[in-house]
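Asks: Structure incoming, see below.
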Amino acid sequence: MRISRAWRVLQRHWTVYTKLYKSSFALNFVEPVLYLVAMGMGLGVFVKDINGQSYIKFIGPGIIASSSMFAAVYECTYGTYIRMTFQKTFDAILATPVNIDDLTAAELVWAAVKSVIYGLTIMIVVAAFGLIDSWLVILTVPFIFLCGLIFAEVSMITTALVPGIDSFSYFYTLFMTPLFLFSGIFFPVDTLPKAVAGLAWFTPLYHLVNICRSFSAGHVTPVLGSIAWITIVAAALAPVPFRLMRRRVIE
Amino acid sequence: MDIVAAHNLVKEYGIITAVNNVSFSISPGECFGFLGPNGAGKTTVMRIISCFLPPTSGTVTVFGVDVTREPSAIKSRLGVMPQEDNLDPDLSVLENLIVYARYFDIPKKTSIPLANDLLAFAELQDRGKMNIKELSGGMKRRLMLARSLVNTPELLILDEPTTGLDPHSRRAVWDKLNQLKFRNTTLLLTTHYMEEAEQLCDRVAIMDAGRVVTIDTPQNLMTEHGGNLENVYLKLTGRNLAD
């Protein structure tokens, strides 16, 4: 892998993104606003305060985390898969000095960058609702990036293994949906039976939600464990997508 | 020095032997063609030469460098025009060339005039702003050819460059390839069209079932076996006209 060559692929993604974002950027705001209005303002009226926070304030930072997660996951599942198979963009790029490791690295980093773009966008929305107490929230950015990398790695592993594009529905239904529901976005996981709550600790989204919520409230110390978790897992997973993509693309 | 040299090249996919002990060499400035039925192993050979697939055994050198040793260095001097359209549909015609040039570290200052020259060469000068899906099949092939030339390659690899084109578009591509030959670019192509091989190739290798059956000039093959190149091809690939 060489960074200068991976950079060329990142530039390609950026060129495409800046070309198309104008038409889709406004859409980024729609989903989080829907969640905040429906769950926060609608359902929230019937929910008592959680750890001294109103319900909408409780879920706000979690929405930042989940939106950034989905950005990376879409990119490295459908996005990567379409470039790899239907569009044959990978074939075209691999005929240049860029090799498969450069390409995989660029796909992963681009997904993490998209996590940050979406995370920041949603952060602005959540802040506009008056749900963020501390400027410390800006410090979530590097962790959104790292967590984006983890989601990109997991998604890329899936992409390298699926027989066809329809198989992603298994990944979304059996992995992403439970993650979204049981990572402490909508209720604290310790309300669940111990075994289930313990399971949440092994998922990246749980830690990112933790960090976003804690930083939004201006606390850093309670999440040092989560920070360590994210860093270690992002690094430990990294070799797997490279190996699998090499196998998938080079037959 | 040979531009491409293959010695006892073998490529296996599991239990299938796609390329079986193939040897050949290509000289600078030559136009070398691979003929053979579908599944003969032509594309696999092309993909090994373009450093896309590693050989199972045997050696392939391009510009004197082993394909498994420094693929990126080799690829920086190659042009590749694959069988299927793999233009970037997210980019316009002109952007396709500029972004592709960037993979070869060609800065925009150079690549913009270069891209315009290549569009003129491919007779697409008025189409720069168009989307890829607005192009006809012939235009796409010409743009693929233009794209494969962004790094001024010393060796151009063309996998069935005119398959699926109407006669006018085919002539247009041949015309372009002849211009490249004239400029001393080494060409390596696969084709199903005997007329194409006769028009363009200095030498042809006829492949069948993973093996090279013969390598010679089209003229010699026709003299030796009689009839036109198509008769020679059918005779050597074990398929008679009567079958």
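The values are calculated or read from the model by the stated rules, or taken from the named source; none is laboratory data. What you see is a predicted model; the values in this text were computed from it and never measured. Please note: Cβ atoms are built from the backbone with ideal geometry, for glycine as well, and neighbour counts cover all protein chains shown.
Asks: Could you tell me which numbered condition B:N20 fails, if it satisfies all but one of (1) within 12 Å of chain A (Cβ to nearest Cβ); (2) within 24 Å of B:T214 (Cα to Cα); (3) touching a residue at least 60 places away in the same chain (Cβ under 8 Å)?
Replies: Going through (1) within 12 Å of chain A (Cβ to nearest Cβ); (2) within 24 Å of B:T214 (Cα to Cα); (3) touching a residue at least 60 places away in the same chain (Cβ under 8 Å) one by one, B:N20 breaks only (1).
Asks: Just to be sure before I move on: is A:L103 of a type in the set (A, V, I, L, M), crowded, with 22+ Cβ neighbours inside 10 Å, over 22 Å from the mean Cα position of the chain (by Cα) and within 14 Å of another protein chain (Cβ to nearest Cβ) in the structure I sent?
Replies: Judged against the criteria, A:L103 is not a match.
Okay, residues lined up against (1) crowded, with 22+ Cβ neighbours inside 10 Å; (2) farther than 20 Å from B:G41 by Cβ; (3) without any contact (Cβ under 8 Å) to a residue 40 or more places away in the chain:
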residue: B:G138; (1), (2), (3): no, yes, yes
residue: B:M144; (1), (2), (3): yes, yes, no
residue: B:I157; (1), (2), (3): yes, no, no
residue: B:E224; (1), (2), (3): no, yes, yes
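Asks: Output the strands (runs of 3 or more DSSP E) that fall wholly within region B:29-119 and possess 1 or more residues being within 14 Å of chain A (Cβ to nearest Cβ), surrounded by 23 or more Cβ atoms within 10 Å (Cβ to Cβ) and not hydrophobic (A, V, I, L, M, F, W, C), or say none.
Replies: By residue number, B:78-81.
Asks: So B:N151 passes all but one of these: (1) touching a residue at least 60 places away in the same chain (Cβ under 8 Å); (2) more than 12 Å from chain A (Cβ to nearest Cβ). Which condition number does it fail?
Replies: Single failed check for B:N151: (2).
Asks: Select from region B:1-17 the residues that are of a type in the set (A, V, I, L, M, F, W, C) and at pLDDT 95 or above and write down the one among them that is surrounded by the most Cβ atoms within 10 Å (Cβ to Cβ).
Replies: That would be B:L9.
Asks: Next up: Any chance region A:145-160 includes a residue that's surrounded by 15 or more Cβ atoms within 10 Å (Cβ to Cβ), over 18 Å from A:I230 (Cα atoms) and without any contact (Cβ under 8 Å) to a residue 40 or more places away in the chain?
Replies: no
Asks: Right, here's the next one. Give the residue that is nearest to B:D2 (Cα to Cα), with candidates limited to residues of region B:148-174 that are within 13 Å of the chain's Cα centre (by Cα) and assigned to a helix (DSSP H, G or I).
Replies: B:W174
Asks: Could we say that A:I93 is under 30 Å from B:L156 (Cα atoms) and either assigned to a helix (DSSP H, G or I) or free of Cβ contacts under 8 Å to residues at least 12 places away in the same chain (or both) here?
Replies: The answer is yes for A:I93.
Asks: Tell me the residue from A:T140, A:T159, A:T121, A:T173 that is closer than 11 Å to A:I64 by Cβ and either among the acidic types (D, E) or modelled with pLDDT of 95 or more (or both), please.
Replies: Of A:T140, A:T159, A:T121, A:T173, the one residue that is closer than 11 Å to A:I64 by Cβ and either among the acidic types (D, E) or modelled with pLDDT of 95 or more (or both) is A:T140.
Asks: Check off (1) under 30 Å from A:I93 (Cβ atoms); (2) part of a helix (DSSP H, G or I) for A:P163 and give me the number that stays unchecked.
Replies: (2)
Asks: Let me ask you something else. Output the residue which, of all residues in region A:1-20 that are among the hydroxyl-bearing types (S, T, Y) and surrounded by 13 or more Cβ atoms within 10 Å (Cβ to Cβ), is farthest from A:C76 (Cα to Cα).
Replies: Among those residues, the one meeting the criterion is A:T15.
Asks: Under the condition of being of a type in the set (S, T, Y) and touching a helix residue (DSSP H, G or I) at 6+ places or on another chain (Cβ under 7 Å), which residue from region A:1-59 is nearest to A:Y118 (Cα to Cα)?
Replies: A:Y35
Asks: Could I ask something else about it? Within the group A:G42, A:G62, which residue is away from every other protein chain (no Cβ under 14 Å) and surrounded by fewer than 21 Cβ atoms within 10 Å (Cβ to Cβ)?
Replies: Result of the check over A:G42, A:G62: A:G42.
Asks: Against the conditions (1) touching a Cys at 6+ places or on another chain (Cβ under 6 Å); (2) outside any strand (DSSP E or B); (3) not β-branched (V, I, T), where does B:L124 fall short? Just the number, please.
Replies: Tallying (1) touching a Cys at 6+ places or on another chain (Cβ under 6 Å); (2) outside any strand (DSSP E or B); (3) not β-branched (V, I, T), B:L124 fails exactly one: (1).
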